[in-house]
1. What residue, of 179, 161, 147, is farther than 30 Å from residue 260 by Cβ and either at pLDDT 95 or above or under 14 Å from the mean Cα position of the chain (by Cα) (or both)?
2. Restricting the search to region 158-172, which residues are in a loop (DSSP other than H, G, I, E, B) and in contact with a strand residue (DSSP E or B) (Cβ under 8 Å, 6 or more places away or on another chain)?
3. When only residues in region 24-70 that are of a type in the set (S, T, N, Q) and in a loop (DSSP other than H, G, I, E, B) count, which is nearest to residue 216 (Cα to Cα)?
4. Checking the structure you have, find out if any residue of region 218-225 is at pLDDT 95 or above, crowded, with 18+ Cβ neighbours inside 10 Å and of a type outside the set (Lys, Arg).
5. Select from region 94-105 the residues that are open to solvent by 10 Å² or more (accessible area, probe 1.4 Å) and over 15 Å from the mean Cα position of the chain (by Cα) and list them in ascending order.
6. When you go through 108, 137, 142, 125 one by one, which is the residue that is surrounded by fewer than 16 Cβ atoms within 10 Å (Cβ to Cβ) and among the β-branched types (Val, Ile, Thr)?
7. Using beta carbons and a limit of 9 Å, which pairs, at least six apart or on different chains, have the first residue in region 46-62 and at positive phi and the second one surrounded by 13 or more Cβ atoms within 10 Å (Cβ to Cβ) and not in a helix (DSSP H, G or I)?
8. Does at least one position in region 88-101 carry a residue that is under 30 Å from residue 190 (Cα atoms) and not in a helix (DSSP H, G or I)?
Amino acid sequence: MMQAGIFTGYFPYGLEETAKKIRGLGFNTVQLDLHFKDIDLSAGQITNDKAKKVRDTFRDHNLPVCCVSGYTNIIHPDKAEREKRVGYLKEIIRNARHFGSPYVISETGTYNTESDWMHHPKNKTEEGFEECRKVITDLAQTAYDHGAVFLLETYVNNVVGSVEETVKMFAQVDHPGLGLLMDPTNYFEDHNIDSMDQVLNQIFDSLSDKVRIAHAKDVMRSKAGASEKHADIDASEAHTFRGVGAIELPAPGLGALNYDLYLERLAVKHPNIPIVIEHLEEPDVPRAKAFVDKKLEAAGV
């Protein structure tokens with residue numbers, strides 16, 4: 001059966017209190033965000049002892065870490081900024097096993113300097129793709145060298161955003177250190193959201209064998225205009241983000257994603273996969289979990 005998990009980053013507390021609150025909500029796994037009020041896990045500050053403390057704290061609360069967040073813009077056009085961001089991501093990857101999971105996740109980035117989620121014309125060029133491929137190849141090798149796996153997460157406005165682009169990247173980086181974070185909502189745009197089932201089936205027909213971890217949020221046409229959308233919560237920018245342009249990405253159960261089909265297709269090859277809830281505020285966690293649990297129960301997974 002699938003495990004329902006949640007990002008630790010939606011809980012702005014110290015390490016122990018975060019674990020206690022998440023376990024109190026009935027979760028049995030977490031995606032680890034390296035942000036706690038009482039432990040510094042920023043660039044250059046990760047140690048084996050700190051990682052072990054984090055891992056053991058969540059294990060003591062029956063919350064094994066299923067994956068680790070490493071979200072950053074891996075192809076930032078400023079080379080110095082890119083080196084800094086990729087350097088920290090590699091630091092996380094090197095320490096992933098110490099944190100309790102081999103899986104480290106990031107999206108593929110954008111050449112837009114204003115936002116990690118805004119489109120840039122270079123994102124959809126061969127030059128842009130090739131530059132991104134080189135970075136991903138390097139990250140996959142770093143992961144492999146340290147017993148880890150770098151999980152690529154797609155997003156429509158990034159370099160790798162469509163099913164076709166994802167297939168192309170895995171064909172060109174055929175490496176045991178590379179896997180896929182499954183989040184079907186990230187493939188939808190204004191032109192294909194009305195073809196929900198067709199797109200979902202295309203995603204799984206093309207990519208199911210690459211999947212290692214899954215996410216649970218939702219997708220809908222935006223009612224808030226074309227601007228970038230963020231929630232006003234105490235969390236990293238990756239967790240405040242709620243969509244851009246014509247598409248909004250709310251919490252699970254608040255949009256149009258066909259969860260029945262999503263879970264049906266996911267369960268075929270991944271019957272025990274962790275599915276991690278996101279894009280919500282702490283007070284909404286019980287509702288979102290109840291929604292996902294009900295869908296999992298209905299699907300028999």
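1. Exactly one residue qualifies, and that residue is 147.
2. 158, 160
3. If we take residues in region 24-70 being of a type in the set (S, T, N, Q) and in a loop (DSSP other than H, G, I, E, B), then 29 is nearest to residue 216 (Cα to Cα).
4. The answer is yes, given that some residue of region 218-225 is at pLDDT 95 or above, crowded, with 18+ Cβ neighbours inside 10 Å and of a type outside the set (Lys, Arg).
5. 94, 95, 97, 98, 100
6. 125
7. Qualifying pairs under 9 Å: 62/28.
8. First, pick out the residues of region 88-101 that are under 30 Å from residue 190 (Cα atoms): none.
Within region 88-101 (the criterion being under 30 Å from residue 190 (Cα atoms) and not in a helix (DSSP H, G or I)), the answer is no, since none of the residues qualifies.
The values are calculated or read from the model by the stated rules, or taken from the named source; none is laboratory data. Model, not experiment: these values are computed from the prediction. Counting neighbours? That spans all protein chains shown, and the Cβs are built from the backbone with ideal geometry, glycine included. Please note that ligands, DNA and RNA were not included when accessible areas were found on the heavy atoms of the full protein model with its side chains. Shrake-Rupley method; radii C 1.70, N 1.55, O 1.52, S 1.80 Å.
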